[in-house]
Structures are given as structure tokens and as C-alpha cells.
1. Give me the pairs, please: first residue somewhere in segment A:530-559 and among the aliphatic types (A, V, I, L, M), second residue anywhere and surrounded by fewer than 14 Cβ atoms within 10 Å (Cβ to Cβ) and modelled with pLDDT under 80, beta-carbon distance under 8 Å, and either six or more positions apart or on two chains.
2. Take the residues in segment B:185-199 that are part of a helix (DSSP H, G or I) and surrounded by fewer than 19 Cβ atoms within 10 Å (Cβ to Cβ), then tell me which one is farthest from the other protein chains (Cβ to nearest Cβ).
3. From the set of residues in segment A:176-203 that are free of Cβ contacts under 8 Å to residues at least 60 places away in the same chain and assigned to a loop (DSSP other than H, G, I, E, B), which is nearest to A:VAL65 (Cα to Cα)?
4. Name the one entry in A:PRO479, A:PRO487 that is surrounded by 24 or more Cβ atoms within 10 Å (Cβ to Cβ) and either of a type in the set (Asp, Glu) or closer than 26 Å to A:MET321 by Cβ (or both).
5. Search segment B:205-218 for residues that are facing chain A (nearest Cβ under 7 Å) and pair each with any residue that is of a type in the set (S, T, N, Q) and surrounded by fewer than 24 Cβ atoms within 10 Å (Cβ to Cβ) when their beta-carbon atoms are under 6 Å apart and the residues are at least 6 apart or on different chains.
6. Of the residues that make up segment A:333-343, is at least one touching a residue at least 60 places away in the same chain (Cβ under 8 Å) and among the basic types (Lys, Arg)?
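The values are calculated or read from the model by the stated rules, or taken from the named source; none is laboratory data. Here the structure is a predicted model, which means the values were calculated and not measured. With ideal geometry, Cβ positions are generated from the backbone for all residues, glycine too; neighbour counts draw on all protein chains shown.
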Amino acid sequence: MLSLVRSRRRVPSLPSSPRPSSQSWEEGREGRVLLEARALTRRFGSFTALDSVDFDLRAGEIHAVLGENGAGKSTLMNVLSGLLRPSAGELLLEGSPTRFDSPADASAQGIGMVHQHFLLVPPLSVTENLLLSANKAKGGPLSWPITDVLDEAKVLAEKLGWSLPWDALAGSLPVGTQQRIEILKALRGETKILIFDEPTAVLTPTETPELFATLRQLAAEGKGIVFISHKLDEVLALSERVTVLRRGKVVARLKTAECDAGVLAEAMVGRDVIAPSPRLVPRLPSSPDAPSSREEGQPNPLPNEARVAGEEGRRLSGGEMALTVQNVTLRKLKNISFTVAPGEILGFAGVDGNGQTELADCLSGMSKPQSGEILVAGAALQPSPKALQDARIGVIPADRQKRGLALSMTITENLTLGVQDSPAFRRGPFLSAKALRARAEQLIQRFDIRAEGPDSAASSLSGGNQQKVVIARALAGEPKVVVAVNPTRGLDVGAIGYVHKALREAQASGAAILLISTELDEVLTLSDRVAVLFDGRLMGIVSPQTPREELGRLMGGAA
Amino acid sequence: MKLVACVVGGLLLLAAVILAAKASPVAVALALFRGAFGSKDSVANTLIQTTPLLLTGLGVGLAFKGKLFNIGAEGQFLLGAVFAIWAGTQRLPAPLLLPLALLSGALGGALWAGLAAALKLWRGVQEVLSTLLLNFVAIQLVAWMVRGPLQEAVKQYPQSDKLAISSRLAFLWPGTQLHQGFLIALVLAVLIWAYLAKTASGFALRAVGAGAEAAEAAGISVAKTTWGTFLLSGALSGLAGAIQICGVTYFLADPYSKGYGYTAIAVALLANLSPLWTILTALFFGALTAGATEVQSAGVSSVVIQVLQAVTLLTVLAYGWLRERGK
């Protein structure tokens, strides 16, 4: 893996002069400056999270803040929204120096924040949630201005073209609607500045454009929008200016119109955009699914059902398959059959919510299928976490902070999870601390987990390094089958490259890999074959070279 | 810095309370110290008070570590006492009686906690609720026992017969009332520490507490671990009740507990759920309890001691909050 990293570093990193396009920066002055930060610094102990950061936001613009996980984006936003106080530097609100003593103070001064993780009370109605965040300064402690709040919210919602179920319980609503409630909470008559912390991370692909339309409309009304993201395409599509952070410093201030994804990515990570992780081994002969016609991208003449049945029919007989799934049905998932050969990556594409969760649950041992069979190397598997360990199936779960890690435990302890019953690490009822620690140190080395040491808490790691711990656990036992579910969700470019490379290495060592991901690009670049799920059904298994239009049709349910 | 501020703030608050009661804070402090550590007897008394607090504190801390909010140590303590007095007064060979009484006490506590575990795992009842309510059931159970099945043979007072000498815990420190139960509690604190830190089962307990879903996905049975945690936690509190019977009172009366099971929550939280620190925090609360009588001689109600306990806990919570907020 080292060689790969090195090859990527051939591209020289950004020159030390941090303003590659200060020219255009100056030219771009239009709109009055709403908020300005000068030499903002924030330290946590000896760690400097923000190092003399300058930032300004003008009325009517969408200003993106881009950076890897841990670059300081969240710290900057927390300072701007009053959650954290700066260690040094000053804040100017419409030209006059100010300070925010608390989020409520910042909000009173016209700054609204929409958090990535919603701060709604699920069992309360939409209106009650809005009331909770209403301006407490108005009225006495016993005032209950529910009609005022509702009226104000209705006016705002109408302006934005939303119709919201005001009496529905917040927890019962789709994520996109919950986000709209959050936006309404942040928006008040006097709100001039809105900060969005990775607002698309939780949205479905159809909800994202709707959010973007909202952001544009808010900007058009003269509000200043700060848009935090690490998704380059979103930043390019939405923002007028970009401030790029790296290791707590501003490394670039750009006009979006003058840059492309490559420029942004390079500024962000100091190296060029992640190249598709190349195969480390040639296609195995045991991967009998590559009819040359499809490799060339020609649409298959057979109808989908027949194609699946025919192809899988041929493959199912093979006892050499690492993983065989036969007629599996679970809740939404209906009668799914496929096989994965050793050394093969089978990708599952499809819009989230079409059976991926159920498939992942079956194959990670969290649920048993209602009917159907799962065979590993020809032997039937009754899915349970334990059975999966015994069958040497490594799982990279979708929710790494909940299902992947016990965040308050140390790295060593997290790496112990899963081998706590293995005789190699036991002496009677006792865990063999020495062996476990040695193994942890070895895995930290091998998977390049950046941490202070094996005893740091998993919660202290950046997202990418947390995922490395999860991957280390999944791949440590040289698994025969790897089930990876959204393995790069929420990770920055560098970490994504790492994850892809790790999967490639597992593939090269002969593991059959099942990749379930909502990132179509990821599925297409990594997979040998691509299966498409729609409404719990397998629409087809096609070559990754299949034209996107056809994939889109399959993902949309068209036969 | 923040710690100093918290401690000073706590002391000032306390001094204000004592001044409001028209007494001298210094005199109260001296009386408290005298009551807790002033003589051989008072030291022994402190350690006697420490013993049930340490065991119940260990039990509560263990459950909290597994993210099970067992606040029913009081009830589990009482069940332990009931089981112990019942077993200790059986007609059996004398050498068997003491171990049998202690084990029965642990079993009683485990059963009582097991009820809460069953309610949680089979019916989804929050353990905060079930363990708390079971405390009141246990109080009534004791009241009935000492008026019914376990009442003394002469049927005069609502209390049980006394344990025979052979069923009692021996004294540890000649000339005082300190019994071997204190030693048992100390040993158990170390054993529980080793259990949590060194064994696979203790690791499972901590993993389930730190992230149940991650533990389940890693092949640890959350249900089994939850059962184990409840039973062990209840057994420790039950053993505390049994030791109180076999080492201090020798009979069951109504009411029986001085609220050890509730103080145990403060003991465990103050120790940050660490078994070894629990020794110190239990000792602290034990000293406060033991010193309380002497405080009355300084002209203040011993309720001041409860205020002191509350202020201590508030100080610790305030410090934790400040540390969190300063980030």
C-alpha cells in the first residue's frame, strides 16, 4: 500500500503561498459583508484546531467551506455559531466587532445553524419543536406563543414553497422534511446568516436538489449562506466562493466559477484527486460472468429476469463460489439470488431504501432471512454474528459509530471486539492482554490507523481513522468473504482512497467482496459485476461498463 | 483550577448551611472528624459503615458500567438480608450456616435484580422503573417477613430471631465491632476490578455498556450479558445485606436498611464507576455516616451530613460539567 500512496504523491502539493487566486478574490467583491472573522484561532489544549483563519461572508452569497474530516470545518462553524469561543482573533458582524457568548446569543444576533444531526424532539409535533426554539426573550416565562410561532413559520414556509404537516410528530417525518423544520428553526425574521453543516449527508438523492433550491432561494433573499461540505460536486454546483481548510489553516480562497473538482480536491488534500483504485490482480478465471459483449458496453438483448436467472443459474451450480445467496427473502427484500466468486467484487447499486438494508442485515448476521439460503463455500450458513465469524466473513457495517465501534472504548478494545472468544486470545476466562495489545499494535501499523496510541478512545479518532479500525477488524482474519456497506460514507477523499485500496487488497488475497453502496461511482469503479436493486428485487446483474442511462433505468425500476 | 473552584465553592456552600443552622463550621468539621476517625471505636465504626456501601456501590457501579440503570440496590440489599436470616437460622450443621447465609443473601439479591432483568428483556420494561419500584416491594416484604414467617419465636416484636454465634461473621479487630465482612468487601472490590479489566466476560459487559449494537455485531450476546450484569450486580447488593445480618445486626428488623442502596448510587458515581475508587468513595461516605452522631454533639442536626453528601455529589457533577463545557 505504501507504493500506492507514494505514487499519488508524485503530484506536488500546493505551493506554500496560500492564496492561489487572490486576484479573483479581490475582484469578486459584491454584496455587503455580513460576517467577518479575522485571524480566528481556536486551541484545544496543545492542539490548534483553527490557526489564524480569515473568513468573510457577504449578503446573498453561498460560501462553501471545504475540507477533509478534521480540517477544522466544524470548529470554525462552532465558533461562528457561538458554541465555542475563539482562543484569539476577532469576529465582526456587519462591520462592528462582536462576540457570541452562546448559541442563543449568536442566534439573537442573527445567525442560524442547521446541524448535520438534527436537534429535534421526535415525540413532539412540528409546531411544538418550532416553539421550543422560539425567541425566549419575547413575553414572560409563562408565555406560550404557539400561534405566533406557527404563523411566522407558515409565512416562511409559504415563501419557500413548502407545505409541512404542522401537527405531525417530528420523529415520524422523512429526513428531508425534518431538515426543513431545522431550517425553519434557524430562520427567523431577523436571521441574516445561515450555516449548514454537511446538510446533504443525511439526505436521499431526490431530497438533495430540493435542499439546493431552498439554499439558492434563501441567498437570493439576501441572506448569507455558509455551506460546509466535503463533497466537491455539491460545492461546485452550489457555491459562489469556496474557502478551503486544511489542518486548521485556510489553504485556498477561490471563486467557484474559476475552479473545477481537481483544483478543489488538490487544495483540500494537497494531492490530486483519488484515482480509481486499480485492480491488484487480473480477473480470475473463476469469475465466469464476463460475457465479452457486455464488457464492451452493449445492452443485453435478454429481458432482465431471464438474464439474471440464466447467468445465476449457470453460476449457482459452481461449488467453488465463495458466497451463494439463494432465493433470500427478508421484509422488503424479495427472492434474491446471486453468487460471488473468490477474488470478485460484486457491487450493489440502487437508490437507498430498495432492500439494501435488509440484504446487509442478512449478510452481516444481524437478521435471519425469512426464507431462502445463504451458502459460504458451499456450506449453509445460519446468519448470526458468531456464525459469520466462524465462516470467516468480515463485515464493514454501514453505521460505523454505532454498529462498527464502541466509541468510548479504546482502539485496542475495539480491535478486541470479535476475537474476544477466540482461543488464541484467551487463557481460561481471562483475555490475554499482551497478545491482544500486540495484535492491536500490529493492526494499527498494517492499516495505518493514525492515533496517539492503542489506548486512545475510538471517539478521539477522525472519521477516516475510525473507519480504518472497523476495516482492520473486518480484514484482520484474512476473511473469505467481505461484506462492505457504504464503506466510505462521510469520509474525505484521502480516506476513501484508503478504503478502496484495502478492499482491492482483500480482493487480491482471494476474498469474495460484496459491496453495497449508494455511491454509484464507487460501485462502478470497484466492482467486477454490478447488481441493481429496486423495490427489494434484483433488477439485473450487469457489467460496470454498462451505460449509465441503462443503469439509471434499472435503478428506477424499468425493465 | 476548575477543581479548586468547585471544592472551594462546595465548602463555602456547606459553611453557609451550617452557619444558617447557627453553628460553627469548624466545630462541625472537627466533630465529624472525631466521630469518624477520633478513636479506635470510631475508626471501626467508619469501616463497618463502609462495608455495605462498598458492596452496594460495587453492584451499582457494575450495572451502570453495562449501561443498566439499576437503582434497586436498596431492594436487593433487603432481599439479601431476608435470605441470609432465613438460611442462617436453619437447622443445619453449624459450619455450613455462615457460608450458606452469605450465599443465600447473594442469591436473594440476584433474584430480585433478575426480576428486573426479566421484565426488561422479556417485556421491555425500563430497569430504572422496575428496580426502583421493586425497592418498595422489598420494604413491604421485610415488613411482612418480620411479622409473619420470620418473626421471632416468642412472637413479641416485629423482628426475627437472632443468629446463633456460629452463623455470625467473626470479629476482625479485637476490642471493636469490626467484622470480617469488611475484608470480604475489600477482596470483592479487587475481584470486580479484575473481572472488568481482565476477563472476557467483563469485557463483554463493558462492550455492551459502551455500544450494545457494536457488541452484538461482534458476536457478544447482549441479552446474555444483560442477564449476567443484572444478576452479578444484584448478588453484590444482596451479599451486602447478608453481611449486615451476619456481621452487624444478627437479626432482621423493620425497617432494616438505612438507605445504603441509595447512597450506593452516589458512591458509585463519585468513583466514576471504577471498582477500586469505590473503596475510597465508600470509605468517605462511611466516615460521614459514622461521624454523624458526633456532629449532633456540636449542636447541629445530623441532617447536615446528608447536606454534606449532597454537596459533595453536586461538586463532582459541577466539576464534570465545567470540564465538559470548557472544551
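1. If the second residue must be surrounded by fewer than 14 Cβ atoms within 10 Å (Cβ to Cβ) and modelled with pLDDT under 80, the pairs left are A:MET539/A:ALA559; A:ALA559/A:PRO303; A:ALA559/A:GLU305.
2. Taking segment B:185-199 and keeping what is part of a helix (DSSP H, G or I), we get B:185-198.
Within this subset, residues satisfying the condition of being surrounded by fewer than 19 Cβ atoms within 10 Å (Cβ to Cβ) are B:186-187, B:190-191, B:193-194, B:197-198.
Numbers: B:LEU186: 22, B:VAL187: 18, B:VAL190: 15, B:LEU191: 12, B:TRP193: 13, B:ALA194: 9, B:ALA197: 9, B:LYS198: 5 Å.
If we take residues in segment B:185-199 being part of a helix (DSSP H, G or I) and surrounded by fewer than 19 Cβ atoms within 10 Å (Cβ to Cβ), then B:LEU186 is farthest from the other protein chains (Cβ to nearest Cβ).
3. Going residue by residue through segment A:176-203, those that are free of Cβ contacts under 8 Å to residues at least 60 places away in the same chain are A:176-177, A:180, A:184, A:189, A:200, A:203.
Checking which are assigned to a loop (DSSP other than H, G, I, E, B) leaves us with A:189, A:200, A:203.
Working: A:GLY189: 25, A:THR200: 14, A:LEU203: 19 Å.
Applying the filter and picking the extreme gives A:THR200.
4. Details: A:PRO479 fails: surrounded by 24 or more Cβ atoms within 10 Å (Cβ to Cβ).
Result of the check over A:PRO479, A:PRO487: A:PRO487.
5. Sorted first by the residue in segment B:205-218, then by its partner, the pairs are B:ALA210/A:SER408.
6. Step one: list which residues in segment A:333-343 are touching a residue at least 60 places away in the same chain (Cβ under 8 Å), which gives A:333-338, A:340-343.
Then keep just the ones that are among the basic types (Lys, Arg); that gives A:334.
Looking through segment A:333-343, at least one residue is touching a residue at least 60 places away in the same chain (Cβ under 8 Å) and among the basic types (Lys, Arg).
Conditions tested, residue by residue: (1) assigned to a strand (DSSP E or B); (2) at pLDDT below 90; (3) not hydrophobic (A, V, I, L, M, F, W, C).
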| site | (1), (2), (3) |
| --- | --- |
| A:ARG42 | yes, yes, yes |
| A:LEU50 | yes, yes, no |
| A:VAL53 | yes, no, no |
| A:VAL65 | yes, no, no |
| A:ALA71 | no, yes, no |
| A:ARG85 | no, yes, yes |
| A:PHE100 | no, yes, no |
| A:ALA104 | no, yes, no |
| A:SER107 | no, yes, yes |
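Here's the yes/no breakdown for (1) touching a His at 6+ places or on another chain (Cβ under 9 Å); (2) modelled with pLDDT under 85; (3) within 14 Å of chain B (Cβ to nearest Cβ):
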site	(1), (2), (3)
A:PHE425	no, no, yes
A:PHE430	no, no, yes
A:ALA433	no, no, yes
A:ALA438	no, no, no
A:ALA451	no, yes, no
A:SER459	no, yes, yes
A:GLY464	no, yes, no
